[in-house]
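Notes for the one structure printed next.
Derivation of every value follows stated rules applied to the coordinates shown; laboratory data play no part. Because the structure is predicted, anything quoted here is derived from the model rather than measured. Ideal geometry is used to build each Cβ from the backbone, glycine not excepted, and the neighbour counts take in all protein chains shown.
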Amino acid sequence: MTSSLDIRIDREPSTDQVTARGGDALASAVLQRAGGFIAVVRLNETWHRLPKGVTDPAEQADRASRSAAALTAIGYRVTLGASLGGDRPIIPTANPVPLGDRVGELAYCISTASHTSEVAALLTEFTSPVDGILDNTISALQATADWWACLDNEPAAPRYAERLGYIAERIDGYVYEIGMLRDVLADAHVAHPTRRPVAEQTAPAEQLSARAAAARTGSPRAVTSPRDAEPATSETPRPTTTPRPAGPPRR
């Protein structure tokens with residue numbers, strides 16, 4: 001009997017397409033990051049395939065091997081087809097911490113906050129102009145749209161690029177509204193009726209990032225624990241943010 005920990009990466013006999021079957025949502029994330037796989041969602045099954053343009057056997061094998069190594073490193077049992085390197089041992093490769101996990105640390109801090117000023121400070125990491133998470137997300141989407149629009153050899157590229165740019169503009173409007181709601185929360189300046197201060201709670205085993213800890217210390221009610229006070233290490237520096245060129249307001 002197979003489980004969500006069992007994954008097979010192989011070449012489909014009928015189509016010669018490289019697919020990965022099995023796993024769960026976390027495995028899907030690893031497949032997309034490590035090998036560039038694309039999720040195929042069906043009514044009763046979700047599986048993954050390499051992009052249609054990846055036809056070189058050497059590149060296919062490389063992507064499959066990287067994915068197998070990354071999955072094995074976090075406990076999945078991977079079977080790799082012989083034509084993709086399955087005749088060799090799979091050597092686990094450590095996975096870098098995804099940016100999404102670092103944002104998740106802020107979500108944990110918000111869920112355990114005891115005062116509106118703590119939550120407002122954490123939301124500022126999302127809503128602040130130029131260096132906020134949401135503002136830079138919009139920048140990334142717009143940059144992708146601009147880049148995509150230049151693919152002259154893809155007839156549908158302008159249409160998809162325009163659609164992505166439109167989505168970025170819609171998100172931008174919501175960012176403005178979220179910022180206004182953040183201000184309302186900051187003005188309230190009250191303690192949560194059921195949340196205890198951080199020092200009274202049991203901290204998770206994982207160490208929170210310096211960014212989350214710094215946001216939390218912006219609150220007058222925040223209590224700094226040894227875990228939060230620990231400085232950033234050389235392994236986890238805060239990335240330098242390059243602001244968008246100055247121009248007219250987008251909102």
Sequence-distant residues sharing a close amide H with Arg77 (under 5 Å, placed H): Asp6, Ile7
In order over the stretch 10-15: 3J(HN,Hα) from phi, Karplus 6.51/-1.76/1.60, θ = phi - 60°, whole Hz, x for each Gly or Pro, gives 7, 9, 5, x, 7, 10
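Cut-off is 10 Å between beta-carbons; in what order do Leu31, Leu151, Leu122 appear when sorted fewest neighbours first? Before the final figure, lay out the partial values.
On the way: Leu31 28, Leu151 13, Leu122 23.
The most exposed by this proxy come first: Leu151, Leu122, Leu31.
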Neighbour-count order for Leu164, Leu43, fewest beta carbons within 10 angstrom listed first: Leu43, Leu164
Taking the beta-carbon count within 10 Å as an exposure proxy, list Ile110, Ile7, Ile74 from fewest neighbours to most. Ile74, Ile110, Ile7
Percent antiparallel among DSSP beta bridges (both partners in the stretch 6-84, rounded to 5): 75 percent
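First select every other residue whose beta carbon is under 14 angstrom from the beta carbon of Gly23; then total the charges, Lys and Arg +1, Asp and Glu -1. Kindly include the intermediate steps, with their values, before the conclusion.
Details: positive: Arg8, Arg21, Arg33, Arg49, Arg77; negative: Asp6, Asp10, Asp24, Glu45.
In short, +1.
Got the relative contact order for the stretch 1-94 handy, in percent, Cα pairs under 8 Å and 6 or more residues apart? Walk me through the intermediate numbers first.
Numbers: 155 pairs, mean separation 28.5, N = 94.
This gives 30 percent for the stretch 1-94.
I need the peptides 123-133, 91-101 ranked by packing, meaning the mean over residues of other C-beta atoms within 10 angstrom, with the highest value on top.
On the way: 123-133: 16.6, 91-101: 11.5.
Those peptides, ordered most packed to least, come out 123-133, 91-101.
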Under-5 Å amide H pairs with Gln17, H placed in peptide plane, nonlocal only: Glu12
Distance (nanometres) between label positions extended 7 Å along Cα→Cβ at Ala94 and Ile110: 3.0 nm
Under the Karplus curve 6.51 cos²θ - 1.76 cosθ + 1.60, θ = phi - 60°, whole-Hz ³J(HN,Hα) for the stretch 25-41, x wherever Gly or Pro sits: 5, 5, 4, 4, 4, 5, 4, 5, 6, 6, x, x, 5, 10, 6, 10, 9
Dividing the mean separation of Cα pairs under 8 Å (6+ apart) by the residue count of the stretch 51-198 yields a relative contact order in percent of 23 percent
Tell me which of Ala64, Tyr76, Val18 sits at the most positive position along the dipole axis of the stretch 6-84, charges placed on C-beta atoms (Lys, Arg +1; Asp, Glu -1). Tyr76
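Taking the Cα centre of the stretch 46-185 as origin and charging only Cβ (+1 Lys, Arg; -1 Asp, Glu), how large is the dipole, in debye to the nearest 20? Please report the intermediate quantities before stating the final value.
Details: 11 positive and 18 negative charges, 146 e Å.
For this selection, approximately 700 debye.
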Counting sequence-distant residues (5 or more places) and residues on other chains, those with an amide H built under 5 Å from that of Phe37 are Gln32
Just to check I understand the Karplus step: with θ = phi - 60° and J = 6.51 cos²θ - 1.76 cosθ + 1.60, what whole-Hz values come out for the stretch 81-95, glycine and proline as x? x, 4, 6, 10, x, x, 7, 10, x, 8, 9, x, 10, 4, 9
Set the Förster radius R0 to 41 Å, insert the Cβ-Cβ distance between Ala157 and Ser83 as r into 1/(1 + (r/R0)^6), and round the FRET efficiency to 0.05. 0.80
